[in-house]
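Written below as structure tokens is the structure these notes are about.
The values are calculated or read from the model by the stated rules, or taken from the named source; none is laboratory data. Just so you know, these numbers come straight off a predicted model, no measurement behind them. Every residue, glycine among them, receives a Cβ derived from its backbone with ideal geometry; neighbour counts consider all protein chains shown.
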Amino acid sequence: MSTLTVKSFAACTNADVANAVLSLAAPLCAACGDDDAMKRLLVSLAVTGWNLSLFESRGEDGYKAQVAERLPAHLPGEKKEVFTQFVLGLISSKQETYPAMMKGIKSWDLRTDNGKLSLTVEALPVKPV
């Protein structure tokens, strides 16, 4: 007869994931003031960073190449570097602060209500590597 081992698992909801992403992106979003387009770009990059953080980095430069290939092509070089550092920092913070949240973000929607950001996500469990 085979035995089954059940490991302890701390479930997280889609709302938990959305709140975590917003908390990681909050400092730069706050610096954007009323620029909703920039906030949307930052949250988009935060979602990218969140999803990348669920897997091991490829290559010797860590996640840098993976981040660079996901940045908008129209960004000037200095902004690409700033946004790359933002995403790399977010990946590190996610892995340190929310290591048990192993859900990848499939889709998301960002809304602004009187300057307050509201993020809704659809997240699915990801098998750890």
Of all residues being touching a residue at least 40 places away in the same chain (Cβ under 8 Å) and of a type in the set (V, I, T) in region 17-62, which is farthest from I105 (Cα to Cα)? Just the residue, please. V43
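For region 79-118, which positions are among the hydrophobic types (A, V, I, L, M, F, W, C) and either within 14 Å of W50 (Cα to Cα) or in a helix (DSSP H, G or I) (or both)?
V82, F83, F86, V87, L88, L90, I91, A100, M101, M102, I105, W108, listed by residue number.
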In region 49-62, how many residues are modelled with pLDDT under 90 and surrounded by 16 or more Cβ atoms within 10 Å (Cβ to Cβ)? 1
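Got a sec? Which of A20, A31, A15 is over 8 Å from the mean Cα position of the chain (by Cα) and farther than 20 Å from A123 by Cβ?
On the way: A20 fails: farther than 20 Å from A123 by Cβ; A15 fails: farther than 20 Å from A123 by Cβ.
The unique qualifying residue is A31.
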Just to be sure, is A73 over 16 Å from V43 (Cα atoms), of a type in the set (A, V, I, L, M, F, W, C) and surrounded by fewer than 10 Cβ atoms within 10 Å (Cβ to Cβ)? yes
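If only one of A68, A73 is in contact with a helix residue (DSSP H, G or I) (Cβ under 9 Å, 6 or more places away or on another chain) and of a type outside the set (K, R), which one is it? Show your work before the answer.
Details: A73 fails: in contact with a helix residue (DSSP H, G or I) (Cβ under 9 Å, 6 or more places away or on another chain).
Checking each option against the conditions leaves just A68.
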Filtered residues of region 22-64 (kept if over 21 Å from K79 (Cβ atoms) and in a helix (DSSP H, G or I)): L22, S23, N51, S53
Taking region 88-112, which residues are in contact (Cβ under 8 Å) with a residue 60 or more places away in the chain and surrounded by fewer than 18 Cβ atoms within 10 Å (Cβ to Cβ)? S93, T97, A100, T112
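Mind telling me which of the residues D61, D109 ends up being closer than 18 Å to A18 by Cβ and out of contact with any Lys or Arg (no Cβ under 8 Å at 6 or more places or on another chain)?
Details: D61 fails: closer than 18 Å to A18 by Cβ.
The conditions single out D109.
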